[in-house]
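Data block below; observations after.
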Amino acid sequence: MTTVAIDFGTTNTVVSFLEPDTQTPKTIRFSALSRLLKGADGEVPVIPTLVFVNDAGQLILGEQVRSQRLGVSQPDRLFKSFKRDLAADFQPPDRHIDGQRYPIAWISEQFLQAIWQQLQQQQIEPSQAVFTVPVGAFERYLGWFREVASRLGAADVRLVDESTAAALGYAVHHPRIVLVVDFGGGTLDLSLVQTTEASKSDVRRAEVLAKADAYIGGEDVDRWIVEDYLHRIGSCRDAIGAIGWQSLAEIAERLKVRLSTTEAVKESWLDEETFMA
């Protein structure tokens, strides 16, 4: 049995599987979709959760969209944060591009379909699929994921709260109660998790004692940074247009990431010179 885990994220998606011989997890890199991000343990392959519809109606996904900056030049053809839209209480209206209708659920499924095809091209035939989902959207995702998984051909599908997966993934070896704060691209999830000793089969278990969520994430922080900058220079979103907004949002994300690697940030980090550099 081959188990594949897919952390379908608002900003990035990560795919791992258990090595059949050693039963150790391995994060998979897809040449056509992935990029490498620096992590605490080295570089980690991730798939930017992006879909772009080109003039021929073909879908371009992942790193190809980001590296070619397709969303900056033609933002009206870009789908981003669609996982967050999928989990929302109220679904956004379908997008229309070149006379064709593109529902968020369909875009999301095509993204996962592309990942599944890449797995098969690497001679990985999953018999079990594990998907991580936000705390607050678990029930809404349940039916959708099962329907998509059945079309993918996965015989066994399991869902786990993202924060519970984080508690287990960080290898909490001794029984304890852990508060997990998962601030992602689209949601903020908090879970109080009770972990247990590993069993004889070396399986750790976790019980969620309490959980809460907020519909807020890194995408909102990017937006706030841009809005603050525009306010400072006396402009607004309508004045700069869709292309200008997308360009500034991209810069804002880079500035936000810099906070993770810079010990001290000057008060003027959001001045006009920083944005125009």
**Request:** Output the strands (runs of 3 or more DSSP E) that fall wholly within the range 1-52 and possess 2 or more residues being open to solvent by 60 Å² or more (accessible area, probe 1.4 Å), or say none.
**Result:** 25-27, 35-39
**Message:** Let me spell it out: the conditions are (1) under 19 Å from Ile28 (Cα atoms); (2) open to solvent by 60 Å² or more (accessible area, probe 1.4 Å); (3) modelled with pLDDT under 80, and Gln117 meets all of them except one. Which number is the exception?
**Reply:** (3)
**Prompt:** at pLDDT below 95, within 20 Å of Glu162 (Cα to Cα) and open to solvent by less than 40 Å² (accessible area, probe 1.4 Å) - does that describe any residue in the range 58-76?
**Reply:** no
**Prompt:** In the range 221-239, what residues are surrounded by 15 or more Cβ atoms within 10 Å (Cβ to Cβ) and within 30 Å of Leu192 (Cα to Cα)?
**Reply:** Val221, Asp222, Arg223
**Item:** Yes/no for Ile216 being closer than 23 Å to Lys83 by Cβ, assigned to a loop (DSSP other than H, G, I, E, B) and either touching a helix residue (DSSP H, G or I) at 6+ places or on another chain (Cβ under 8 Å) or at pLDDT 85 or above (or both)
**Value:** yes
**Message:** Return the residues of the range 81-105 that are crowded, with 17+ Cβ neighbours inside 10 Å, touching a residue at least 60 places away in the same chain (Cβ under 8 Å) and out of contact with any Lys or Arg (no Cβ under 8 Å at 6 or more places or on another chain); say none if nothing qualifies.
**Reply:** Ser81, Lys83, Arg84
**Item:** Which numbered condition Ile177 fails, given (1) open to solvent by 20 Å² or more (accessible area, probe 1.4 Å); (2) of a type in the set (Val, Ile, Thr); (3) at pLDDT below 80
**Value:** (3)
**Prompt:** Is it fair to say Ala171 is open to solvent by less than 20 Å² (accessible area, probe 1.4 Å) and either modelled with pLDDT under 80 or part of a loop (DSSP other than H, G, I, E, B) (or both)?
**Reply:** no
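The values are calculated or read from the model by the stated rules, or taken from the named source; none is laboratory data. Keep in mind that what you see is a predicted model, and the values were worked out from it rather than measured. Virtual Cβ from ideal backbone geometry, glycine too; neighbours counted across all protein chains shown. SASA here: full protein model, heavy atoms, side chains in, ligands and nucleic acids out. Shrake-Rupley method; radii C 1.70, N 1.55, O 1.52, S 1.80 Å.
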